[in-house]
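Following: one structure in structure tokens, then a few remarks.
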Amino acid sequence: MKTPRSIKRLGSSLLIGGQSVAATLRGRIDRGELFDQLLEAGPGSVLIVLIISIAAGSVFNIQVAAELTRQGAGSTVGGILAIGLAREIAPLLTSCLLAGKVATAYAAQLGTMKVTEQIDAITMLRTDPVEYLVVPRMIAMVVMAPVQCFFFFLVAVWSGQLTSTALYNIPPAVFWTSVRTWMDPLDLPFMLVKALVFGLIIATVACGWGLTTRGGPKEVGTSTTGAVVMILILVALMDVVLTQVLFGT
């Protein structure tokens, strides 16, 4: 029985990720390419993160605040929203957004370069394609995923406070006091750890799928779709593990 190609590509992606980490530790980083990728994963993606974070904070808070207000527990709204965002919603939704916005670009760019033999040309010039193409993208995602996640959290909590005050007459002071009271000091650091791990998964799989594209231009779209599907699966599975490790005790 033949091994499914997706499993083989996942193995290749892990090897590429390991090579990228090793190259990063040796300091072999193309700073010009790194700057471009930081812009792509950061400012280039901030608008979609902003819009979804406002919507997520408002919608989640409307559902929570409506029920808690009826139960006479409106003063706990801020804390419940903040905990839900920090422990689960912010890192998970941010990773999904980056998978859709950035990972697709990575897979499509590298896949196109692979099928048009640009990767072979880079190799013939005695340049390691992993160091030149993958390392900057991986560093950019590892750096920017936690930044985007923290931004998502702040905007979502702020939008939740506005909807609480506007729709349910919960005073801002009560809302923010609840946030400070309910949140554990480790919630935010653990949230950023989740985002960092998810960012590493996104970069590894997207670049791996791009570099293992074969065939013609038609296969670029297939690789891009496959990369996003695999990223979402791995992020969901890793989310279960990290939630148990970081917040399960």
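Worth pointing out:
- Of everything in region 209-249 that is touching a Phe, Trp or Tyr at 6+ places or on another chain (Cβ under 9 Å) and either part of a loop (DSSP other than H, G, I, E, B) or among the polar types (S, T, N, Q) (or both), the residue that is least open to solvent (accessible area, probe 1.4 Å) is Ser223.
- Filter result for Gly11 (touching a residue at least 40 places away in the same chain (Cβ under 8 Å) and open to solvent by less than 40 Å² (accessible area, probe 1.4 Å)): no
- Condition check for Ala82: within 17 Å of Thr204 (Cα to Cα), among the hydrophobic types (A, V, I, L, M, F, W, C) and touching a residue at least 40 places away in the same chain (Cβ under 8 Å): no
- Residue in region 115-128 that is part of a helix (DSSP H, G or I), free of Cβ contacts under 8 Å to residues at least 24 places away in the same chain and either buried (at least 20 other Cβ atoms within 10 Å of the Cβ) or charged (D, E, K, R) (or both) present: yes
- Some residue of region 130-138 being open to solvent by 60 Å² or more (accessible area, probe 1.4 Å) and more than 13 Å from the chain's Cα centre (by Cα): yes
- Scanning region 22-69 for residues that are outside any helix (DSSP H, G or I) and touching a residue at least 12 places away in the same chain (Cβ under 8 Å) returns Arg28, Ile29, Asp30, Gly42.
- Being surrounded by 15 or more Cβ atoms within 10 Å (Cβ to Cβ) and among the β-branched types (Val, Ile, Thr) is a property that holds for Thr104.
- Some residue of region 58-71 being at pLDDT 90 or above, buried (at least 19 other Cβ atoms within 10 Å of the Cβ) and either among the aliphatic types (A, V, I, L, M) or under 25 Å from Val241 (Cβ atoms) (or both): no
- Among all residues of region 87-110, there is at least one that is modelled with pLDDT of 90 or more, under 14 Å from Trp182 (Cβ atoms), in a helix (DSSP H, G or I) and of a type outside the set (Phe, Trp, Tyr).
- Qualifying residue in region 146-154 (condition: open to solvent by less than 40 Å² (accessible area, probe 1.4 Å), in contact with a helix residue (DSSP H, G or I) (Cβ under 6 Å, 6 or more places away or on another chain), at pLDDT 90 or above and among the aromatic types (Phe, Trp, Tyr)): yes
- Scanning region 182-207 for residues that are outside any helix (DSSP H, G or I) and buried (at least 17 other Cβ atoms within 10 Å of the Cβ) returns a single hit, Met183.
The values are calculated or read from the model by the stated rules, or taken from the named source; none is laboratory data. Because the structure is a prediction, the values reported are computed rather than measured. Note: ideal-geometry Cβ built from the backbone for every residue, glycine included; neighbour counts use all protein chains shown. Surface areas here come from the heavy atoms of the whole protein model, side chains and all, with no ligands, DNA or RNA. Shrake-Rupley method; radii C 1.70, N 1.55, O 1.52, S 1.80 Å.
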